[in-house]
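To start, the structure itself, in structure tokens.
Laboratory data are not the source of any read-out in this text; all were calculated from the coordinates shown. Predicted, not measured: the structure shown is a model, and the values here were computed from it. Here the Cβ is made from the backbone with ideal geometry for all residues, glycine too, and neighbour counts use every protein chain on show.
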Amino acid sequence: MQYVSSRSMLSVLTSRRGRWFVPFAILLALTLILTVAGSIAVLQAAHADEIGRGEQLAKRLCAVCHLNPGQGEKTGPGTIPGFVAVARREGQTLEGIVDWLTSVPPMMPNHHLSQDEMHALAFYILSLRDADAGQPSPGQ
Ligand code: HEC
């Protein structure tokens, strides 16, 4: 059965009437590829944009506590982890950071962040995962 149907498919493709299908299929495939590639590019641009906004916010609001050169993990109660260390925590996620900020933790000033700002900050913090620990924002 399988054989018969692929045979007849082939004969449609190679028949005179079926030939229109080949350029059509190629065009369709190309359109699909371009659409997917395009949306990936748009998504990446949106990401970069978000990281940039997060960075600006972080430098303005969080830097005194979290972006000091060489700052690592918390070393005890009341001490502050650097953002690179926060980003590298095992199992760290965007949601994890957003949840932390949403909870308005009492050890941090309340910056009255919007959901958008929290997301941008979380994107920025996670982007530091591969940063040199001593330089929280490479290339900036
Ligand atoms: C006045 C200092 C201060 C400022 C400013 C500050 N934080 Fe914090 N932050 C802390 C302290 C202290 C902790 C550690 C709390 C703890 O775990 O005991 C912390 C922890 C965190 C953590 C990690 C929580 C964890 O998993 O350990 C994140 C994420 C964070 N802050 C994000 C931010 C962001 C984003 C900003 C800026 C909008 C900010 N903080 C501004 C003091 C500050």
Worksheet item: Between the helical axis of 115-127 and the dominant principal axis of the chain, each derived from Cα atoms, what acute angle in degrees is found, rounded to the nearest 10?
Response: 90
Discussion item. Rounded to two decimals, what is the ratio between the C-alpha radius of gyration of the chain and 2.2 N^0.38 Å?
Written reply: 1.76
Worksheet item: Using a simple charge model, +1 on the beta-carbon of Lys and Arg, -1 on the beta-carbon of Asp and Glu, nothing else, what dipole does segment 23-125 show about its Cα centre, in debye to the nearest 20?
Response: 240
Worksheet item: With the chain treated as a Gaussian network of Cα nodes joined by springs under 10 Å, which of GLY38, GLY91, GLY54 yields the largest mean-square fluctuation?
Response: GLY91
Worksheet entry | Nearest 10 degrees, 0 to 90: helix 2-14 Cα axis against the chain principal axis | 80
Worksheet item: From largest to smallest, what semi-axes in whole angstrom does segment 41-119 give when each is the square root of 5 times an eigenvalue of its alpha carbon gyration tensor?
Response: 22, 15, 13
